[in-house]
Amino acid sequence: MADDKDVLRDVWFGRIPTCFTLYQDEITEREAEPFYLLLPRVSYLPLVTDKVRKHFQKVMKPDDVGEMWFEYEGTPLKWHYPIGLLFDLYASNTTLPWSIFVHFKNFPQQDLLHCPSNSVIEAHFMSSIKEADALKHKGAVVNEMQKKDHKQLWMGLQNDKFDQFWAMNRKLMEYPTEEGGFRYIPFRIYQVTSNRPFIQKLFRPVASDGCPHTLGDLLKEVFPAAIPQNDGQKKYQVMIHGIEPMLETPIQWLSEHLSYPDNFLHISIIPAPSD
Amino acid sequence: MPSSLLWAVDVFGRVYSLSTAAQQWDQCKEAQLEFKRVTAVQQCCWAIACDHQIYLNVHASDVPIRYKEETYENQRWNPVDGFSDRLLPSDRWQWSDMTGLKHQPLDSFQLPSENWEWEADWYVDENFGGEPTEKGGWTYAIDFPAAYTKDKKWNSCVRRRRWIRYRRYKACNTWAKVPSEQAGLPDPFNDISCGGWEISDEPRGQMSLWAVSLQGKVWFREDIHHLNPEGSSWVEVQVPGEVVQISCGAGDLVWAVLWEGQLLVREGIGRDCPKGSSWVVVESPSPEVGAIHVAVGVNVVWAVTKDHKVWFRRGINSHNPCGSGWIGMVGEMVMINVGLSDQVWGIGAEDRAIYMRQGVTANELSGKAWKALPSLRDSDRAHSSASATAPLLHGQADAPKPLIPKVTSDSFISELVSDRDRREGAVSTPIPEEDQGSEQDDKAPPALVLSHSPSCGPDPQWSNVDLEEAQTHLAVGAASDAAETSSLSSVATYNLGLEEPYGPDEHPLWAWVSGGGCAVDSHSQLSWFNSSAGDPAQTAAWRKQIFEQLSERSKREMDNFRHYEQTVWVKKGTMQWWRDWKPHKWVDVRFALEQYCGTDGSKEGILFIYYTFNEEKKYLHAFINEVTILVPVLSDSKHTFAIYTPERTKQRWPIRLAAESDSDTQCWCPGSLQLALLTMSCCDSRGVQGPPSKQAIWSVTCKGDIFVSEPSPSLEASPYPMFWHQIGGHLRTIECNSLGVVWGIGCDHTAWVYSGGYGESDNQYNANVHFTTDVKSVYIYENQRWNPVTGYTNRGLPTDRYMWSDASGLQECTKANTKPPSPHWTWVSDWTIDYNVSGGTDREGWQYAADFPASYHGSKTLKDFVRRRRWARKCKITTTGPWQEVPPIPLCDVTILPCMAQSKVEQVLLWAISNKGDVLCRLGVTPETPAGTSWLHVGTDQPFKSISIGGAHQVWAIARDGSAFYRGSVSQQNPAGDCWYHIPSPPRQKLKQVSVGRTSVYAVDDNGQSRNLHYLNVYVFTWALACINVNIIVLSLLLQVWIIADKVQGSHSLSCGTVCHRLGVQPMEPKGQSWDYGIGGGWDHITVRGNSLEAPTPHSPLPLRNPEGMNGNVVQS
């Protein structure tokens, strides 16, 4: 029987094959070849696209190079969402590789945050971890950590060091046995069709009668439409890390094993392919 | 970490052990007696049985406990008889000890107890100080006592020879009664505690056993050590009051509890005085309630008062065994025990469960919280036996609840016993010793050592057992005769016969626990707390589906796109660089690692280092594909490493870089991060992937880092540039062969076997990568000078060395400012005096000399004006690496049969030497199971230190006295061979290390100052000098001779520990021609024995022959 630790590994080492193409409006001195890269699902776009910028800068005048941003089928990609979430939300069920347009001008101020340096990503990442821990342990664990421990989490993500990250993240995943789980589950539910960026509510991992809550229980409370109706028609797919966990899966287990490094369960709800 | 045992006794006197690897308690089945107390150490467990006798259970080991008895036979020459046993009246005894003062004929030697057996008969020792003697083993002298020689001279008037016989301890894995030779033992024992093994040096394994008698007297068992596990005699230690309980820690702490509730602390315990000298009284933690129990470790003292409150003693250390004050702790316990690493165990007052103290670390000795051990009983067994015993228990359905003795921790069993005796008297019902009905089948007859005949016990009530009556009684009881109920319930309560005294849902009620042999630390995941058998989540459908979907996802998203570039992580940063020009110092630099794809698709890279020179911006660079090795360099404040290229190796001047040591920006070992990045890049550019091949060359630096290199077919022709990359772990030596069997030995003598993993822990393939640890000592010297007024003081002359220094005296090293070798190491002990120094020491560890620096000796003479002593402190490193520990025997050398890569062998011969000098042969080693199964002990007359096995199964070894031995008849079928042949050493040389290739034998001597390499002319069995200043020699099957040289001059610096390779070695020219100097300095060990890729040669390979036949081995080339 496979070990639960393997799930953590599979989640961490998930990669999305991606093809970066320069947007046709960008002015180049010669033709820009597309650039192919395996993007880590758990990371953030600006952290892993140094090479993409270098690749396209080679064919552009320095004056034409503004802040780089990415777009998929007309949607600007938010860098502060993990890459795996962006892919699941916008591009699951499409053919691989994931084809992304690269822009250097006309930065969509209304859709995207600026990302002048990696320290901005770090600040965002750490604030997510703190928020998640506030939900899980009233912030007790993250506040007890030293600054270097926080750094270790961040460096682990930035340098793709699974063991380094998990050596510290393990502490964030602990809970008192007698309580059966965290205080609240840190989760966010995203959908393409909604105006709201995401849904987030307080949700306990264990019901008042002591039964563990499942993914299905969570959806019933937060997004009932995602539960297949009696006629068996499945209208929505519920995706985490490119897979569709069964609705019977305990939400506490999901939170411990399928959370992104920022300690949130990022759940994408997308319309089921009509085929 | 190897598994170890936690011992406990339940309220019914049954002994159980719980392995750290197991998930349930194992009852000691062969114990026919009930036990009161146990006290465990790693190699054995002591117990007091209900007959108040002491029993010892020595855990069986692959290396038997052998004790060497010896005596000397003395003869004198007279003109009539020649040498004969007719001695002069003034002479010594004809049979005597070495000094001649004690008469000891062969038949005066008796086995000390029935737990011993003789190994063989007496025989004559034919080894005289490392040199073989004539047959008969006689050594000659002018007269007794005088200097003996092995040659008979014209003036040799006397001669003597040594007879040897071994006895072996046979009572392993069973409870053997400890002989109490003294009839004068006044009263039965009530408590025992074992410890003290850290007071003296490890090899002898001295231990202290303290015991308390029912009358409150304290006894000490003399002379317990590895070779004498039972000890020799009891000595009474005077106490100022009546003692009820005593506790002895691993170090020098011994505390006892007095009947009145105060505590006693033993002072003056030391290496020369394990018994200590005096008692100091410490008041009970609470003024109203007396103490009733105490437990001590190395640096901690815990106590329990009569109201079950738990107390922790503040301020305990080796200078202050009394501590300074009590702290009340949470929890109510009946007893407490402190085990290894000061881990604390307790038994709850309420529930009688065993509690483990969580979070005990060196920094937080009091731990964090109590955690109850789950009941850990095999549920199946519990159910089946419960049902099996149901008929027996049936009759007492409405009987009074089983009586749980009201226990105060001093001696509840005695209470139990007296209680029972009373009942026995009342209803006159004897107690069945065994359940005759249900257990006869599976229970072996009581071992001889355990049978307590009516005459042996001091406690006569215990022997009046009438089994017959018991049987009938039980039969009647089963018939649930109401009149019998009360007496039956007493049987069931004490439960001497029933297989399973507890119902399926009850947990055992514990009475005593001992963690002295149980090693748990923060890294070890105890399987006790995660018994997963009943966890439905393991088998749930949702879980299975997640696994399946994840692997599908990987297939879909990754498998077809492997050729895509992986994202690149860190590429730029700031570091410090040891600058190339004088004065050398660390300067801040920027570095950049540029990676690009070469035209052929290979990954190339350049490392740039940007610095300023005379305010001019400059850079230096290194092509990643030219880097031969990246070596981490230990430094106590920085993470530094050195980059070697062929050119820089030649100059012996690497690029040295350090990560910033600013503590604020210091994240998780930034130095090793950047190093890991560079290593990855180097491996990419060299196309090194996956685990090392079976042909790989392995080496260990003097810092313990492990490197591996893939040999090229042209290795013999041009061995450089080879590329070395690091493998995780920390070792001192390493050995391999061409079938992929790789063994290593750590500084703490732990044996490790390569598990097939690779890389650091941070990759996806690390199922075989584990935590590995190593422990070594850091040494500093305390120096003193004599002056006529005050004697030796720490006031030296102005020209003297520092009063606290390193070995050379050049560096000041005080106890306070000496740090572990690098930030990866942490202290695990305090500073202690090291008596194990060459030259010997006096009782306080001092060595004397006329002046600094000079040769030191262990006793003071008139000419000595200075003295020094060595202090040692242990530090520990925890790393990750592809290594699996091979417990339990610590090793000092290992060798593996070299063989051709293609060859198929059923069993790979592997020999080793334990750190005590025992020669061992590993059984069951195959390429598939490189760890093998068990050790076979190969008897020797003295401890050994080096061993090597050649391509034709020839085993050579070096004994501690420097003599060389050859083991005869070793083969696949007979892996241990049959006997040793003593081969004369080079004249006047003590050999240190040996290495055997296919047929050639090389050895290194050690005469203190210099070390020289000799090769054995196997045709005439004489040695010839090959080279000087050699530290380690390694031969491969292919006539490759590699050494680690002591001193090699380079263009920039002198380097020690340089790997060199002998050129021009031919079958007919085993001496070779010249040395090729290798990969910089700083190497401790290398092995090329896996490299058997033979370059095509014109002549056919050598026929493999036994060395006996080597004389005729002529090779055409």
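The values are calculated or read from the model by the stated rules, or taken from the named source; none is laboratory data. This structure is a prediction, so every number in the text was calculated from the model and none was measured. Backbone-built Cβ (ideal geometry, glycine too); neighbour counts: all protein chains shown. Just the protein is used for accessible areas: all its heavy atoms, side chains included, with ligands, DNA and RNA removed. Shrake-Rupley method; radii C 1.70, N 1.55, O 1.52, S 1.80 Å.
Among the residues of B:545-555, the average count of other protein chain beta-carbon atoms within 10 Å of the residue beta-carbon is 6.
Shown for chain A: the carbon plus sulfur share of the solvent-accessible area, taken with all protein chains present and a 1.4 angstrom probe, equals 49%. When the square roots of the Cα gyration tensor eigenvalues are ordered a ≥ b ≥ c, the ratio a/c for region A:117-174 is 1.5 or more and a/b does not exceed b/c, which makes its shape oblate.
Quantify, in whole percent, the carbon and sulfur part of the accessible surface of region B:211-338 (1.4 Å probe; protein heavy atoms only). Mind dumping the intermediate values first?
Numbers: 2280 of 4570 Å².
Carbon plus sulfur share of accessible area: 50 percent.
Rounded to 0.05, the FRET efficiency of the B:E131 and B:K29 pair, given R0 = 56 Å and the Cβ-Cβ distance, is 0.60. Across the options A:H80, A:P205, A:P245, the greatest Cα extent toward the positive end of the charge dipole of chain A (unit charges at beta carbon of Lys, Arg, Asp, Glu) belongs to A:H80.
For a modelled paramagnetic label at B:A807, 7 Å from Cα along Cα-to-Cβ, the residues of region B:202-246 in reach, with backbone nitrogen under 20 Å, are B:202-203.
Comparing each chain alone with all protein chains together (probe 1.4 Å, DNA, RNA and ligands left out), the residues of region A:8-26 losing at least 30 Å² of accessible area are A:R9, A:D10, A:F13, A:R15, A:P17.
Of the listed residues B:Y835, B:Y1002, the order by accessible area with a 1.4 Å probe, largest first, is B:Y835, B:Y1002. Evaluate E = 1/(1 + (r/R0)^6) for B:E222 and B:W786, where r is the Cβ-Cβ distance and R0 equals 51 Å; express this FRET efficiency to the nearest 0.05. For B:E222 and B:W786, the calculated efficiency is 0.90. Could you give the nm distance between label points at B:T926 and B:Q110, where each point is 7 Å from its Cα heading toward the beta carbon? Those two pseudo-labels are separated by 5.1 nm. On full extension, the segment bounded by B:D187 and B:N78 gains 33.5 nm, given 0.36 nm per residue less the C-alpha separation.
Accessible surface for B:E73 stands near 20 Å², nearest 10, in the context of the full protein assembly shown (1.4 Å probe). The alpha carbons of chain A occupy a box of 67, 52, 39 Å along the principal axes, longest dimension given first. Work out the charge dipole of region B:1-117 with +1 on the Cβ of Lys and Arg and -1 on the Cβ of Asp and Glu about the Cα centre, then indicate which of B:Q110, B:Y72, B:H52 is farthest towards its positive end. After comparing all options, I get B:H52. With every protein chain present, what is the per residue accessible area of region A:16-103 (1.4 Å probe, Å²)? Accessible area per residue: 40 Å². Taking all protein chains together and a 1.4 Å probe, the residues B:K819, A:K161 rank B:K819, A:K161 from largest to smallest accessible area. Label zone (B:S233, point 7 Å along Cα-to-C-beta; backbone nitrogen cut-off 14 Å) within region B:159-180: B:180. Taking 7 Å steps out from each Cα toward its Cβ at A:A134 and B:A362 produces label points 3.9 nm apart.
Listed by chain and number, the lysines placed with their C-alpha closer than 21 angstrom to that of A:K130 are A:K78, A:K138, A:K147, A:K148, A:K151, A:K161, A:K171, A:K201; residues fewer than eight positions away on the same chain are left out. Were the residues from B:C322 through B:A541 laid out at 0.36 nm apart, the gain over their Cα-Cα distance would be 72.9 nm.
Straight-line cross-link partners of B:K904 among the lysines, defined as a Cα under 20 Å from its Cα and at least 8 positions apart when in the same chain: B:K694.
Close amide H contacts of B:A22 (hydrogens built in the peptide plane, cut-off under 5 Å, sequence separation of 5 or more or a different chain): none are found.
Given charges of +1 on the Cβ of Lys and Arg and -1 on the Cβ of Asp and Glu, with all other atoms neutral, how large is the dipole of region A:16-103 about its Cα centre, in debye to the nearest 20?
360 debye
With semi-axes defined as the square roots of five times the eigenvalues of the C-alpha gyration tensor, the equivalent ellipsoid of region A:179-268 measures 20, 16, 12 Å, largest first. Averaged per residue, region A:117-174 has 41 square angstrom of accessible surface, using a 1.4 angstrom probe with ligands and nucleic acids left out. Between B:N817 and B:R556, full extension at 0.36 nm per residue minus the direct alpha carbon distance yields a gain of 88.2 nm. When you restrict to C-alpha pairs under 8 Å that are six or more residues apart and normalise by the size of region A:16-103, the relative contact order lands at 44 percent.
Taking a probe of 1.4 Å and counting only protein heavy atoms, give the total accessible area buried between chains A and B in Å², rounded to the nearest 100.
Numbers: alone 14150 and 51550 Å², together 61480 Å².
Buried surface at the A/B interface: approximately 4200 Å².
A Förster radius of 30 Å combined with the Cβ-Cβ distance from A:A272 to B:E594 puts the calculated FRET efficiency at roughly 0.05.
Using just its DSSP H runs of length 4 or more, each adding -39500 (n - 2.57), chain A gives a mean residue ellipticity at 222 nm of -9500 deg cm²/dmol after division by all residues.
Between B:Q262 and A:R196, the modelled labels are 7.4 nm apart [label points 7 Å from Cα along Cα→Cβ]. Comparing Cα centroids, region B:74-104 and region A:86-104 end up 99 angstrom apart. Mean partner shielding of peptide A:155-166, defined as the number of other chain Cβ atoms within 10 Å of each residue Cβ, is 5.
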